[in-house]
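Enquirer: I have a structure here, written as structure tokens, and I will follow up with some questions on it.
Please treat every number below as a calculation from the coordinates, not as lab data. Source: prediction; values computed, not measured. Using ideal geometry, Cβ is built from the backbone for each residue, glycine included, and neighbour counts are taken over all protein chains shown.
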Amino acid sequence: SEALDRYMAEGMSDVIGWFDMQCLLVLRVLSAYQLSEEIYGGVAEIGVHHGKSFVGLGLLNMDAGSSKGIALAVDVFDAQHLNTDASGEGDLQIFMSTLEAWCGSECVKAENLKVLSQDSKDLTPEDVVDAMGETKPRIFSVDGSHTAEATYVDMKTATQAVNKGGIVIVDDYFSEGWPGDSEGA
């Protein structure tokens, strides 16, 4: 879509966060494949920070047209005492501003977006499906706490919640600074 092209060309570099352009390009191809195979559903991310990767996910969701689902964002946001490994400092106001600026007002409408301000260790697959209007996500990004235990719990939630033919991705899998991600995954 033009909006996704514009975000990749102009927006990604301005949004604070750690998400690589190549990752979004791969997700774009995988998303197109899913839609061609009639694999539908929304998108979800645990650990959205300021929205760098979530904007891309939101735009991929909007690109699905009438087949789109809800985009679900989960983060502790202002409850930073729950961010035990200090892997990010998510901010709900910055996140929402980023999302509206690059994904558009349609993307942030209640029927297209659900935001859960909570610790993902308390999130169940059923909570995900319930928050997404009784549908399962087709793409689920895990980028919450980077400890092995938390990543394991988030991956378990994601893999149990994702739609058949869906994709689960984990951030920082090869990062030397966050070995808990690969260990937990």
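Enquirer: Give me the one-decimal Kirkwood hydrodynamic radius in Å for the chain, with the sum taken over alpha-carbon pairs.
Expert: 16.0 Å
Enquirer: Per DSSP helix of 4 or more residues, -39500 (n - 2.57); summed, then divided by the residues of the chain. What does that give at 222 nm, rounded to the nearest 500?
Expert: The helix contribution divided over the chain gives -11500 deg cm²/dmol.
Enquirer: Sticking with this structure for a sec: List the cysteines in the chain whose Cβ has no other cysteine Cβ under 4.7 Å from it.
Expert: C23
Enquirer: What ranking, highest mean first, results for peptides 103-113, 40-50, 158-168 when packing means the other Cβ atoms within 10 Å averaged over each residue?
Expert: 40-50, 158-168, 103-113
Enquirer: Taking the alpha-carbon distance from K109 and a cut-off under 16 Å, which lysines remain once sequence neighbours fewer than 8 residues away in the same chain are dropped?
Expert: Correct list for K109: K68.
Enquirer: Out of the trypsin sites (Lys or Arg not before Pro) in the stretch 21-78, which ones are loop residues according to DSSP with at most 16 other C-beta atoms within 10 Å?
Expert: The qualifying sites: there are none.
Enquirer: If the chain between Y33 and E149 were fully stretched, how many nm would it gain, using 0.36 nm times the residue separation less the Cα-Cα distance?
Expert: Fully extending the segment from Y33 to E149 adds 38.6 nm.
Enquirer: If you don't mind, there's one more thing I want to ask. For a quick size check, give me the Cα extents of the stretch 1-79 along its three principal axes, largest first, whole Å.
Expert: 38, 28, 17
Enquirer: At 0.36 nm per residue, minus the direct Cα-Cα distance, what do V108 and I16 gain on full extension? Give it in nm, one decimal, please.
Expert: So the extension gain works out to 31.2 nm.
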